[in-house]
Amino acid sequence: MLQLAKNMMGKRLPEAHKAARADNEDLPITDVQTGFIHHRQGIPLHYKRFLPGRGDNPSADERGRVGLLFKTRERLKAGMFIEVVITLQGKPEKIRGKVVMVRERDGYYEIGLWLVRHADATRMRILEQSCYIEDYIKEKKFREGPFALNRDGAAQEWIRKYAADLPG
């Protein structure tokens, strides 16, 4: 799945915490106010604080950078550095970022994470696209039945319909 998303993108130009999970919200892929990519709520996301090292500070050259928006019950402080772990199909992917936005909502916080490494921005786009595709496949399987599903076909269908909505 990740490989298919990577191929399509190439053609298109302290203690770990668990993020809050809302009931199957139908959020747009990107946040209107920030342009950050919403993390798909059905896919597990954990995070932990880390101390930044060399190369972990956002540079003045912000081209190609992107942010991630996710929900958590814990209020994080703007300016802190966290490592996000998203597990998709049993494989954990780690991405580091700086908290640049905290929005208090009803019972949770929305955290805006600015990625600190340029390479993480590309990986995060692909990873989040894979999260959306995986969720789309689950929904399609539920609607149409497990035997009518062609995973690659469903992934390509999602990419045709929605990939253009991803920033970058």
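Every read-out reported here was derived from the displayed coordinates using simple, explicitly stated rules and does not represent laboratory data. These numbers were taken from a predicted model, which means no experiment stands behind them. Using ideal geometry, Cβ is built from the backbone for each residue, glycine included, and neighbour counts are taken over all protein chains shown.
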Pairwise FRET efficiency - Leu149 versus His118, Cβ, R0 = 25 Å, nearest 0.05
0.10
Too long for a 31 Å Cα-Cα cut-off, among Lys94/Lys161; Lys91/Lys161; Lys77/Lys138, are Lys77/Lys138
Take the Cβ-Cβ distance between Phe142 and Thr34 as r, set R0 to 30 Å, and report the resulting FRET efficiency rounded to the nearest 0.05.
0.45
